[in-house]
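A short reminder: the numbers here are calculations on the coordinates, not readings from a lab. Bear in mind that the values here come from a model prediction, so they are computed numbers and not experimental data. With ideal geometry, Cβ positions are generated from the backbone for all residues, glycine too; neighbour counts draw on all protein chains shown.
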Amino acid sequence: MIDLNLNEKTFKIDAPDEMPLLWVLRDVLGMTGTKFGCGVGVCATCTILENGKAVMACQITLEKTKGNRYTTIEGLSKDGDHPVQKAWVQCDVAQCGYCQPGMIMEACSLLGEVSSPSESAINKAFSNHICRCGTYPRIKQAMSLLVNSGKKE
Amino acid sequence: MGLKPMGLDEKAKEILIYQPNPLVSVQSDGKILITVTKSEMGQGVRTSMPMILAEEMGVDPAIFILQQASPSSKYKGISLGTGGSTSLKTMWTPLRKAGLEVKDGLLRAAEIFFGVNRDQLSIRGSSVVTKDGRSVSFGDLVPIAVKLEPNKYLEPLKKVSSRNYLGKDRKRVDAPAIVNGSARYGIDMRPKALKFAAIKRPPVWGNTLKSFDATVTLSVPGVRRVEVITAGVAVVADNSYAAFLGREKLKVRWNSGPHTAFDSDDYQRQLTQNLESPGKVARKDGVYPEPHNDFKTIEATYSFPFHAHAPLEPMNATAHVTQTETHVWVGSQWPDAIVPLASKITSHPQEKVNVHVPLLGGGFGRRSAPDPALEVIELANILKTPVQIIWDRADDLRGGYYHPASIHGMSALLNPSKQEALYYSHKVSSPSILRSSNPKSPDLAVVNTELLGARDVPYGIDAVEISYHELPLHIPLWWWRAIQFVPNIYARECFIDEIALSLDRDPLEYRQSLLSKSIQDPALLERLMNVISIAKEKSNWPNPSRKNRALGVACMDYEGTTVVQVAEVSVSKKRFKIHKIYTVIDCGLVVNPLGVNAQVEGAIVWALSALKSQIHFKKGRVVEKNYKEYPVLRYSEMPEVNTTIVDSDRNPQGVGEPPVPCVIPAVLNAIARAGGPRYRSLPITKR
């Protein structure tokens, strides 16, 4: 039994130590907002926050979650009104939408580190992710909206 | 008749439903439901289709509640099949008609309600109002509307007159659910007591199961059962992790089939040799000119590799088969096709087979094949409890249904002194997707399908010869975003540039001059000429925006959607960079410009990804197992996108696929014009 600190709650998890957090979230807890894409850490679809920083849930075993704090897309805001979520809707970023929870968590991580990340930092962060539909130009727009509104504050 | 809503006095409020058409219903509680008959895979049908109905009905699309259609006989001639960029093209008239019918019924009900004539009534919000200021909600009109006879004298559809919603940017209706993680895809289906299964599949097509030992598998915590189905050996577990781990521990022996030596490099060499086979001549215009010393022949061979679809949501499906009913939840592009096949597996009559269609995490054609649904139904029929079969990325890349390799033999006879081409020939050598997807396909259909984009070359050259050279293949082949147009247009539009270069002509102006001499459909040629002249201006052709860059062009008509694309690239030290893609697209009446722009952006990403990757077969097996070996376009590689949408009064045409094929030749033509190599083989592995 492992205590998992997730979205500001503690969950008692009865699952093998080696089980990747991705499957704990999706199949044990039934929280399906975090998506499965590659399982080997090359598509970043399953990106969540570990102590505020982007990590891939398929690359973290349950055992390694001890002492850490996790946030998934479901825990980002109560009403979908986190600034990143709002920017994503405003710029009509999503197409099929499957990769977007991961993209949004990446944006949160990046903006949490520095309020106005450079273009190269944005490039680097999102280049870990795969989108087959082609939402890259609109992610760029949404990020520039967020960076500019960050600068104004 | 009073203004008090009818029937609301009773405690037991029975909801009455007025449904003049299977696509739309108005309920007495005020809800208006519209049925979306196409699968949502990111192309935006759940946003755009309601706009069409709303415009005709005179209401805001935001008032609709969306229902996703399941296969049913009630939709009559409407196919739930989603592909070929046909959703708006085929649903335009049915949706407008549904809007007109429901509006007519509500207005007739309002005539009775108020005792006034139609000319006194209009629709405002979700009510009908009179000129003297009275108002009744749609819901309150339902009890009258349900008693109406269908209107035999319904006015025919007119040319679109209002554009309150059509042609205006509308944001994706599912966006709020997508950004908060509540949007549900097939892989997110969680019926009660769900088990998860992974399938150990034969590594080579044609191999069959010899024996297996599940002892270790069954000792993996969470693994419950191991069952044999047609697709392979299924490991059923409490969660996906245990299912995958259990599968890893399975010891399986296979009987070798006839394809254990298959090698895609060999096959591509055979495709090249196959260009010499007689083939089927699909088009032969004019006569080959008499030889002359001044004439010059140019020839080139273009090759295109095997591709997978690799949608980000791996294949999966969930089913529950009870004694009397079959339920399957699957992100399918063609749910209709599943019903009769499922009925054969479970022996339930077709009306007891329920196919539920959640959101699709990308489709690109792959999800129109029924295999994920059928294998889970087979397993659920054994288990009699709900089960999801989940594919990992290797299953997805190795599980079949590829876009096939093809080889293109191009040749032309030129008269350099007059700067003109006298003869043009395009031979396509490939296995047939159509025949693989439906072995009963007639030869003529096979030839026409495999030559899409080749046979319909629009250029005015006196002698033209187009032929198809089929080479059968055992691997399951399937439709892929922009289908055969991608390889065929790549070869055609690159070779036209090679001809232009040999004749010392500007490639864009050369296309204009060839089109002006063409004998094809004048309306099509006018559209092509129009988009080319716009692209010329937008891209400042032939001058790139920076000194060390070059522009390349390609154009086509994709079954009614006319597209030209100009790529701006730079080449240095044998590396190239794609800076910008200009697109000019005439797709008929524009329903949602925001959606059209998204589709163009997506098409560019699809095409540029195809420049980077391929599927190989060695010893019968697929080599690639994840995105590491099958790379796709990444964020940092995305060029700037400049799109111009030409508005028109033509009915809406397709837009998901049409902006795909020209991207590749535009880029390759630009690379050649920038001093880089003339690439005739894809993918380009050294950049």
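The mean of 1/r over all pairs of different alpha-carbon atoms in region A:83-152, once inverted, gives a Kirkwood hydrodynamic radius of 11.9 Å.
In this structure, the amide hydrogen of B:T644, modeled 1.01 Å from its nitrogen in the peptide plane, lies closer than 5 angstrom to those of B:T583, B:V584, B:I585, counting only residues at least 5 positions away or on a different chain.
Sequence-ordered 3J(HN,Hα) estimates for region B:513-522 from the Karplus curve with 6.51, -1.76 and 1.60 and θ = phi - 60° stand at 5, 5, 5, 5, 9, 6, 9, 6, 2, x Hz, glycine and proline given as x.
Inter-label distance, B:E149 to B:K192: 4.9 nm, where each label sits 7 Å from its Cα along the C-beta direction.
Approximating the spin labels as points 7 Å out from Cα along Cα→Cβ, the B:I15-to-A:V40 distance works out to 4.8 nm. The sum of -39500 (n - 2.57) across all DSSP H runs of n ≥ 4, divided by the residue count of chain B, sets its helix-only mean residue ellipticity at 222 nm to -9000 deg cm²/dmol. The charge dipole of region A:2-75, taken about the Cα centre with unit charges on the Cβ atoms of Lys, Arg (+1) and Asp, Glu (-1), comes to about 200 debye, rounded to the nearest 20. Residues whose amide H comes within less than 5 Å of that of B:S127, counting only those at least five positions distant or on another chain, are B:F138 (H built at 1.01 Å from N in the peptide plane).
Can you compute the FRET efficiency between B:L218 and B:Q520 using 1/(1 + (r/R0)^6), with r the Cβ-Cβ distance and R0 = 60 Å? Round to the nearest 0.05. Don't skip to the answer; put the middle values down first.
On the way: r = 65 Å, r/R0 = 1.08.
After rounding, the FRET efficiency stands at 0.40.
Computed from the C-beta positions of B:E290 and B:T230 and an R0 of 51 Å, the FRET efficiency is 0.25 to the nearest 0.05. Kirkwood-type hydrodynamic radius, region B:17-165: 15.8 Å, calculated from all non-identical alpha-carbon pairs. Approximating the spin labels as points 7 Å out from Cα along Cα→Cβ, the B:K573-to-B:N438 distance works out to 5.3 nm.
What percentage of all Cα-Cα pairs in region B:126-190 are separated by more than 20 Å?
Details: 1416 of 2080 pairs.
Cα-Cα pairs of region B:126-190 separated by over 20 Å account for 68 percent.
Here's the list of lysines a cross-link from B:K573 could span, going by alpha-carbon distance under 28 Å and ignoring same-chain residues fewer than 8 apart: A:K124, B:K547, B:K612, B:K628, B:K686. Each eigenvalue of the Cα gyration tensor of the protein assembly as shown, multiplied by 5 and square-rooted, gives one semi-axis; in descending order these are 43, 37, 28 Å. Given R₀ = 30 Å, what would the calculated FRET efficiency be for B:N117 paired with B:I65, taking r from the Cβ atoms and rounding to 0.05? Here the calculated transfer efficiency is 0.45. Take every Cα pair under 8 Å whose residues are at least 6 apart in sequence, average their separation, divide by the length of region A:83-152, and the relative contact order is 51 percent. State the answer as a single residue: which of A:Y136, A:G52, A:G67 lies farthest towards the positive end of the charge dipole of chain A, with beta carbon charges of +1 for Lys and Arg and -1 for Asp and Glu, about the Cα centre. Sorting the options by dipole projection puts first A:Y136. By the rule of a C-alpha distance below 13 Å, with chain neighbours fewer than 8 residues away ignored, the aspartates and glutamates paired with B:K152 are B:E101, B:D104. Annotation: Cα Rg of region B:388-485 relative to the compact-globule expectation 2.2 N^0.38 Å equals 1.40. Residues whose amide H lies under 5 Å from that of B:V228, counting only those 5 or more places away or on a different chain, are B:A234; hydrogens are built 1.01 Å from N in the peptide plane.
Here the 3J(HN,Hα) profile of region B:610-620, calculated from phi with Karplus coefficients 6.51, -1.76 and 1.60 at θ = phi - 60°, is 5, 6, 9, 9, 7, 9, 10, 10, 10, 6, x Hz, Gly and Pro shown as x. Measuring spread by the Cα atoms of chain A yields a radius of gyration and Dmax of 15.2, 47 Å. Evaluating 6.51 cos²θ - 1.76 cosθ + 1.60 at θ = phi - 60° for every residue in region B:542-556, the Karplus couplings come out as x, 9, x, 6, 10, 4, 8, 10, 9, 9, x, 10, 7, 8, 6 Hz, glycine and proline recorded as x. Over chain B, all Cα pairs binned in 10 Å intervals from 0 give whole-percent P(r) values of 3, 14, 22, 23, 18, 12, 6, 2, 0, 0, listed from short to long. Counting Cβ atoms of other protein chains within 10 Å of each residue's Cβ and taking the mean over peptide B:42-51 gives 2.
Enter the mean number of other protein chain beta carbons within 10 Å of the beta carbon of each residue in B:630-640, as an integer. Kindly include the intermediate steps, with their values, before the conclusion.
Values: counts 0, 2, 4, 5, 8, 17, 9, 3, 10, 2, 2.
That works out to 6 on average.
A dipole drawn for region B:545-638 from +1 and -1 charges on Cβ atoms has a positive end, and of B:C587, B:Y558, B:Q614 the residue lying farthest that way is B:Q614.
How many partner chain Cβ atoms sit within 10 Å of a residue's Cβ in peptide A:96-108, on average, as a whole number?
Other-chain Cβ atoms within 10 Å of each residue's Cβ, averaged: 6.
Checked against a 25 Å cut-off, the cross-linked pairs A:K66/B:K625; B:K103/B:K159; B:K427/B:K517; B:K103/B:K131 give Cα-Cα distances beyond that limit for A:K66/B:K625.
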